[in-house]
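The values are calculated or read from the model by the stated rules, or taken from the named source; none is laboratory data. Fair warning: this is a prediction, and the values are worked out from it, not measured in the lab. All Cβ positions, glycine included, derive from the backbone under ideal geometry; neighbour counts span all protein chains shown.
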Amino acid sequence: AQKITQTQPGMFVQEKEAVTLDCTYDTSDQSYGLFWYKQPSSGEMIFLIYQGSYDEQNATEGRYSLNFQKARKSANLVISASQLGDSAMYFCAMRRGSQGNLIFGKGTKLSVKP
Amino acid sequence: NAGVTQTPKFRILKIGQSMTLQCTQDMNHNYMYWYRQDPGMGLKLIYYSVGAGITDKGEVPNGYNVSRSTTEDFPLRLELAAPSQTSVYFCASSQPGVNYGYTFGSGTRLTVV
């Protein structure tokens, strides 16, 4: 069965420091996509970054990068130079196959301290 | 460009009442979804649709119904509301394929009392 595991219910990081949010996944498929979403206190779901299973390079989007280790089945999100506005829930998600649905982890609540 | 529009944003229902959560997208996406989000539990799939006239159950479909008469609209019906249906509901749409994420609506916060 497919599964996304986020083992950090909550994390703190000092402003301007980098932080890594952990995500491991379980699938037997060869083709799949990995996504990170941000959910601020206002509630909307904001897409951050995508990594395909066949991508050889780690994805980057501005201050966000995805540390993809396929053999370990991990897709950790790295946020560099944290800002107060980064305080939010972060969800890791996976989609497999042409008609697969996104499955989500339980999320990590990140708090950035000034 | 509106994206995915959900209404209402908030609603309080009494036990046993029924209601419909509306969802409309203007991106011509074939795939649409309904998720519920409970505290500490992530998002769980209720129902999804891969095109007009086609719907299928997700992980937690009990107590809900959907229809998909057009590409744009995907309403979620709650019959005989129960306190266990108190949650935040998200509608989303996407294109097929592992490299496509979802576009989410802004969510509906539903309380059943």
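Applying the criterion of at least 1 residues that are of a type in the set (Asp, Glu) and surrounded by fewer than 16 Cβ atoms within 10 Å (Cβ to Cβ) to the strands (runs of 3 or more DSSP E) found wholly in the range B:63-113 leaves an empty list.
Applying the condition of being outside any loop (DSSP other than H, G, I, E, B) and at pLDDT 95 or above to the range A:51-60 and asking which residue is farthest from the other protein chains (Cβ to nearest Cβ) yields A:THR60. Report whether or not A:SER42 is out of contact with any Asp or Glu (no Cβ under 8 Å at 6 or more places or on another chain) and touching a residue at least 24 places away in the same chain (Cβ under 8 Å). So A:SER42 does not fit the description; no.
Name the single residue, out of those in the range A:65-114 being in contact with a helix residue (DSSP H, G or I) (Cβ under 8 Å, 6 or more places away or on another chain) and of a type outside the set (Val, Ile, Thr), that is surrounded by the fewest Cβ atoms within 10 Å (Cβ to Cβ). Going through the qualifying residues, I end up with A:PRO114. Being within 10 Å of chain B (Cβ to nearest Cβ), more than 12 Å from A:LEU110 (Cβ to Cβ), of a type outside the set (Ser, Thr, Tyr) and part of a strand (DSSP E or B) is the filter here, so list the residues in the range A:15-47 that pass it. Within the range A:15-47, A:GLY33, A:LEU34, A:PHE35, A:ILE46, A:PHE47 qualify. When the range A:1-14 is limited to residues that are surrounded by 13 or more Cβ atoms within 10 Å (Cβ to Cβ) and part of a loop (DSSP other than H, G, I, E, B), the one that is nearest to the chain's Cα centre (by Cα) turns out to be A:GLN6.
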